[in-house]
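The values are calculated or read from the model by the stated rules, or taken from the named source; none is laboratory data. In this text, all values refer to a predicted model and were calculated from it rather than measured experimentally. In this analysis, Cβ positions are derived from the backbone assuming ideal geometry, glycine residues included, and neighbour counts consider all displayed protein chains. Note: accessible area is taken over every heavy atom of the protein model, side chains too, but ligands, DNA and RNA are not part of it. Shrake-Rupley method; radii C 1.70, N 1.55, O 1.52, S 1.80 Å.
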Amino acid sequence: MNTESTAIGAFIFVLVLAFLAIVFIGNHKEQPETMSGQPASGETIPEEATPEQVKSPFGSRSLEDLIRVDFPLTDQRISNPLVIKGKARGFWYFEKVFPVMLADSRGSIIARGLAIAQADWMTEDFVPFKAQLEFEPDYGKSGTLIIRNNNPSDNVNNNREKRISVLFAEKQIPAETMTIQVYFGNTKLDPELLLDKVFPTSRTILKTQAVARAALGELLKGPTEEEKEAGFYTSINPGVKIQKLSIVDDVAKVDFNSQLEYQVGGSARVGAIRAQIVQTLKQFPTVKDVTISIDSRTEGILQP
């Protein structure tokens, strides 16, 4: 009886151990894999982050939604100095600035600078910016404008960059210039306003053989804003045109349209008009005397 009970107990013990072994193996069996090492069919594969998301902290925003350049546009011709304008979201800046560079066709950096926010940059909205780069013009036909976000962390994963291909303007040969004088009245030099008194001011013009005509052209433009601040004024009507000019035997003969005498009255103003024209022409050594005409008439013109 005891021997039979012992045998039954041992048998039951073996069954329990076998059951526990089956349960243990079942719970720890590895999940099946495909030949590629991916989870077996029926499992969800986590979506990979896009390169844009991995590269920067700007989320899934496109580059166009971070920075927009108004000038220069792609393949636009540029010259020195290059003024760059556009707008970028506030987090593109740090301390109101971000770096800009210009490279030549070989990729060598030929200019560096900072774009500066033109409004409060502490925002996620677009903020206008402006930058200026100066460079030597002789760098081939094309280059690349490089605009980077300001990344104070120095973490390369936070870097963003916009590149714009540009064309360099052809190298210009500086034009030759010359200096001439034009004569106006001046309230500071002639406080008594004796209108027939005129005074010279210098103008720089492109070099020309028709220098007398060029000088009269400058005279008819009237004083510049800077010259007005210095007291210069003109007695000649706006809209006056030169119809003919010749210099023969040291005499300059100049013919104007009728606008020269339109609503002109008073001997002082008539004298001032004549003085401005005569003195402007007499600055040249080939002019000793001046004859003024209006529509080919010399008699009865510019009367007080």
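Numbers at a glance
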{"item": "Selection from segment 129-141 of residues that are open to solvent by 50 Å² or more (accessible area, probe 1.4 Å) and assigned to a strand (DSSP E or B)", "result": "130, 132"}
{"item": "All positions within segment 258-273 that are open to solvent by 40 Å² or more (accessible area, probe 1.4 Å) and under 14 Å from residue 194 (Cβ atoms)", "result": "267, 268, 269"}
{"item": "Residues of segment 280-300 that turn out to be more than 16 Å from residue 213 (Cβ to Cβ) and surrounded by 17 or more Cβ atoms within 10 Å (Cβ to Cβ), as a count", "result": "1"}
{"item": "Lone unmet requirement of (1) loosely packed, with under 13 Cβ neighbours inside 10 Å; (2) more than 16 Å from the chain's Cα centre (by Cα); (3) farther than 30 Å from residue 207 by Cα for residue 112", "result": "(2)"}
{"item": "Residue tally, condition over 18 Å from residue 290 (Cα atoms) and either open to solvent by less than 70 Å² (accessible area, probe 1.4 Å) or charged (D, E, K, R) (or both), over segment 236-250", "result": "2"}
{"item": "Residue ranges of strands (runs of 3 or more DSSP E) in segment 58-106 with at least 2 members among the hydrophobic types (A, V, I, L, M, F, W, C) and surrounded by 14 or more Cβ atoms within 10 Å (Cβ to Cβ)", "result": "67-71, 82-89, 97-104"}
{"item": "Lone unmet requirement of (1) polar (S, T, N, Q); (2) farther than 24 Å from residue 224 by Cα; (3) open to solvent by 50 Å² or more (accessible area, probe 1.4 Å); (4) not in a helix (DSSP H, G or I) for residue 123", "result": "(3)"}
